[in-house]
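The structure under discussion appears below in the form of structure tokens.
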Number of protein chains: 4
Amino acid sequence: MSSFKGNALRGTFFLIFGLGWSVKYPLKYLSRKLNADNQASRWIEKLDILEGAAKAFLAVAGMLAEQFVPDGPHMGLYSGGTYSWEKLTNWQYTTMYLFYGLSGIVDVLSYSPLKLSLGLDRLILIAAACFGVGVGFLFCFHDYNNTALDQHLHSLLLIAIFGGALCALMEVFLRDHTILEFFRTSFFILQGSWFWQIGFVLSPPWGGPGWDQTDRGNFNFLTMCFFWHYAAALLVTAANSVFSYWYVVGQGSGMPGLDNHLCLLDSN
Amino acid sequence: MSSFKGNALRGTFFLIFGLGWSVKYPLKYLSRKLNADNQASRWIEKLDILEGAAKAFLAVAGMLAEQFVPDGPHMGLYSGGTYSWEKLTNWQYTTMYLFYGLSGIVDVLSYSPLKLSLGLDRLILIAAACFGVGVGFLFCFHDYNNTALDQHLHSLLLIAIFGGALCALMEVFLRDHTILEFFRTSFFILQGSWFWQIGFVLSPPWGGPGWDQTDRGNFNFLTMCFFWHYAAALLVTAANSVFSYWYVVGQGSGMPGLDNHLCLLDSN
Amino acid sequence: MSSFKGNALRGTFFLIFGLGWSVKYPLKYLSRKLNADNQASRWIEKLDILEGAAKAFLAVAGMLAEQFVPDGPHMGLYSGGTYSWEKLTNWQYTTMYLFYGLSGIVDVLSYSPLKLSLGLDRLILIAAACFGVGVGFLFCFHDYNNTALDQHLHSLLLIAIFGGALCALMEVFLRDHTILEFFRTSFFILQGSWFWQIGFVLSPPWGGPGWDQTDRGNFNFLTMCFFWHYAAALLVTAANSVFSYWYVVGQGSGMPGLDNHLCLLDSN
Amino acid sequence: MSSFKGNALRGTFFLIFGLGWSVKYPLKYLSRKLNADNQASRWIEKLDILEGAAKAFLAVAGMLAEQFVPDGPHMGLYSGGTYSWEKLTNWQYTTMYLFYGLSGIVDVLSYSPLKLSLGLDRLILIAAACFGVGVGFLFCFHDYNNTALDQHLHSLLLIAIFGGALCALMEVFLRDHTILEFFRTSFFILQGSWFWQIGFVLSPPWGGPGWDQTDRGNFNFLTMCFFWHYAAALLVTAANSVFSYWYVVGQGSGMPGLDNHLCLLDSN
């Protein structure tokens, strides 16, 4: 599944979380700032559990998809016939989803009614950082036998992954830090959109052989394109933050409280 | 526009901000220390807006210059005739200016009377850090088809860019930190002067073929030269700090308050 | 002693400390949280001294083993006959154990009745970080004349070593930080299990020539395998934390205090 | 002056400061802890000025030595006759001393009676960090046309330099941090002793051609040797700390206050 569909699936996975976070974190921030009633904060806690469950569920779905697509390894790791490893790329993406799944399970457990949270709630972010670095190195060693443009595309992806992992790592020490959440969200959106870009470049959905792997111009253009993706990801995250803000403030009865709210926010 | 004029333009862009900051930050620090009247602090806020506007304006000017110089791409990205990308170097510098422009717009918005600053004022520095890293990687992948000395010069530039970006990143967490501002300013001046140096080395304004690209002595000399530039940038930044200090203290009526001021500063 | 036995010995060394810490740190954390009586905390201090002594003792044992195995250097460093260095790999592992030994001695001294702890108790972690980086670089330069798969395996080991060293370095500034201890423990278990993996790959105990050093599939599989080891190390550390927690809570007479304890832990 | 004498001079330069600091910082720490009288703290301030002056003086001496030794460049940078740069290695070491000199001058100015310390006293450490990184990169690009063993030796030196620079950088934010001072001191001693080692390896004082530049065994041995140097540097720094401690405590009249002092230190 290194075809277009696989990359599209992975991209969608990251985009769902990136875009979801870009709405969730501003709402969380606002409900904390505006001394929201308990209902809202309970809502957000439920959202956290739901997010963990969704992460675990999507990770399992991803693992199954990687394993049981027609050209997948079907759980076979070593082929005794040809004395070679089977479909290692699919296994690597399975490992990537595995770390996500662990992160999702810890997510759910730390908010569960069992409350066995021996500091486990902080492990969410650790697990996220681990998977990030893990996946990063996966891709780093991923393309030994691939062509050059493929490797270049995944090196660029690595930047997004490490950026997100670094944010998650710093969030272990600085929890609920607005700017780190903003950064992490934008890096996840970047990962998602870049997976789609990889799909379009290496195996276009309308068929055809993909881009020329040896043309140096393609390398330079795609590097630049990566930063356009990032500019877009930053704009999307910023726009969602502003829209969430307007939505929450607009909910207040009438507009007289607006200035007060704004003053509260400014005095942050 | 990889000619002398292009490099001189880029160098001037960075020098304007570096030198401007080397005066602005000490004044800001002093007006905070000496409990200056509100007039001064309002002045400085206006200066911030002006700085953002200048950044956005100069970035747009830079983008237009990169695009519409006689040998520029004129907004054409892909040439259907030769099946190749057009003038990618100009497009890359356009992208660099784009990130600056975004940083400038956020700058202006965060101080605007609309006051829609949902933590947006911190985004200034984030955007600055992003563009920094972005530009850094741009140059990192920039010279695939260039000669070796060119690559060496841009690698050295990379050190200055990453230094500045690292400072901006740390300023997200430690705002108004005098030493980080000092560092960042010196790195910007270094970038500016190094762009000029690149212009002189690769395409001298008096014509001629530029320096010998294969002589190892040139490599060693230019590495050393980079550190001379940095020593000069440090001295210029320090000198401007001292001059700003003397100017502000000299404004006080007479000199009797001098010792008090100095004691205040020392007790910092 | 680059044979299976040597790698198994090194792996066991790291596993003992990793698994020991995975039990010790949760107990320490709980005894601090639950306001345990002085007996428990004195117990833990004695455990620290014991740990230091074990570290020093095992390091000396390791050094002796590396030097005096039948095919070891027997303290000879330079062979005058062949004008070449003797058994440098064994000497390098001896150096690795030397840094551990120093760390263990500082450990013991800082808790000794002499109490000459001029901040020396913080040196434990410094020494640990030093040895970590030291060993890291040792391996980095280790394989000049080895084959490629060997180098790849030690590069992966390097990730675990640097991870552990980074945690130890950060613990110098953030002492008794639960998450850093969790991380460091998992990295030590990873080192231990990876040494065993190296032994099995390069010199299987059932004889035979080891894996094919040129097959690219082996590279990709072992990279993935490294992350499976890490997932396992994380699970083992988490499981030991939970078991320690249950053990301590189960010791309380009856279960009525359980909810209180849990609330205490949650309010952390 | 890449001969033995030059390396010995550089090594002595670093050893003087490293060994000096290994005595100075524990004394400073103790005088702060034991609430020493003002006399002691004034003594230490004078020591700081003296240190800055010594740094500046030795740096100027080093620059003159690099320039005006018989086989030095005698201030000539470019030879018009051969169209090539003159004695660039000597110029590079001159640049290294230049950054030290600047650091020394800032040192003196920040404690001078003029008291023009607009935060300048923090610049000492910044300047130190700058020179460190600067020198690091100098050596990084230093050996383009040198043989391989030379490059390997300077890469190892780079580790010591970056280690020291990293400590100085962190001291900008965490001033008077005992552990960072301990680290920095040990890295400086390491630099000093490693310069001597380089001298002995590349140009032995008893004549002869230096070590075999192509023997892989030499590479491995010298890597290991570097860590022995570091273990020795750590031991020397620790020993000097302990001796300073005993000296200060021994100065107290009689020994009855010993336990109190120790308790004070332990409660740190």
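Placing the label point 7 Å from Cα along the Cα-to-Cβ direction, what are the distances from C:Y83 to the equivalent spots in the other copies, shortest first, in nm to one decimal?
4.2, 4.2, 5.9
Could you identify the residue of C sitting closest to the C-D rotation axis by Cβ and state that distance rounded to whole angstrom?
Closest to the axis: C:F173, 7.
Looking only at other chains, what is the average number of their beta-carbon atoms within 10 angstrom of each beta-carbon in D:221-229? Present the calculation step by step, with values, prior to reporting the outcome.
Numbers: counts 8, 2, 9, 12, 2, 5, 12, 3, 0.
That works out to 6 on average.
Between B:D212 and D:L64, what's the calculated FRET efficiency when r is the beta-carbon distance and R0 is 45 Å? Round to 0.05.
Values: r = 31 Å, r/R0 = 0.70.
Calculated value: 0.90.
I need the inter-copy label distances for A:Y247: point set 7 Å along Cα to C-beta, values in nm with one decimal, smallest first.
Result for A:Y247, in nm, nearest copy first: 4.8, 4.8, 6.8.
Whose amide H sits under 5 Å from the amide H of D:S84, counting only residues 5 or more places off or on another chain, with H placed in the peptide plane?
When sequence neighbours closer than 5 places are left aside, the close amide H contacts are D:S79.
For peptide B:208-216, compute the average count of partner chain beta-carbon atoms within 10 Å of each residue's beta-carbon. Display every interim value, and only then the final one.
Values: counts 0, 0, 0, 0, 1, 0, 0, 3, 5.
That average works out to 1.
Give a quick list of chymotrypsin sites (Phe, Trp or Tyr not before Pro) in region B:184-238 that DSSP marks as loop, anything other than H, G, I, E or B, with at most 10 other Cβ atoms within 10 Å.
Working: sites: B:F187, B:F188, B:W194, B:F195, B:W196, B:F200, B:W206, B:W211, B:F219, B:F221, B:F226, B:F227, B:W228, B:Y230; in loops: B:W206, B:W211.
Within region B:184-238, the qualifying chymotrypsin sites (Phe, Trp or Tyr not before Pro) (loop, at most 10 other Cβ atoms within 10 Å) are B:W206.
Output wanted: per-residue J couplings in Hz (rounded whole) for region C:89-99, from phi through Karplus 6.51 cos²θ - 1.76 cosθ + 1.60, θ = phi - 60°, x for Gly and Pro.
These are the phi-based 3J(HN,Hα) values: 4, 4, 4, 5, 5, 4, 4, 4, 5, 4, 5 Hz.
Roughly how many nanometres apart are two label points built 7 Å out from the Cα toward the Cβ at C:K46 and C:Y247?
Those two pseudo-labels are separated by 1.6 nm.
Please compute the average number of Cβ atoms from other chains found within 10 Å of each residue's Cβ in peptide B:95-107. Please list the in-between numbers first.
Details: counts 7, 2, 0, 3, 4, 0, 0, 4, 0, 0, 0, 2, 0.
Mean inter-chain Cβ contacts per residue within 10 Å come to 2.
Between copies, how far does the label point of B:P204 sit from its twins, in nm, shortest first, when each point is 7 Å from Cα along Cα→Cβ?
4.8, 4.8, 6.8
Using θ = phi - 60° and the Karplus relation 6.51 cos²θ - 1.76 cosθ + 1.60, list the HN-Hα couplings for region C:227-244 in order, rounded to whole Hz, with x at every Gly or Pro.
So the Karplus estimates, Gly and Pro as x, are 6, 5, 4, 5, 4, 5, 4, 4, 5, 4, 5, 5, 4, 4, 4, 5, 5, 4 Hz.
Can you give the FRET efficiency for B:A8 and D:H177, using 1/(1 + (r/R0)^6), R0 = 35 Å, r = Cβ-Cβ distance, to the nearest 0.05?
On the way: r = 44 Å, r/R0 = 1.26.
For B:A8 and D:H177, the calculated efficiency is 0.20.
Every number here is computed from the coordinates shown, using simple stated rules; none is lab data. What you are looking at is a predicted structure, and each value in this text was computed from that prediction instead of being measured. Glycine gets a Cβ as well: all are built from the backbone with ideal geometry, and neighbour counts include every protein chain shown.
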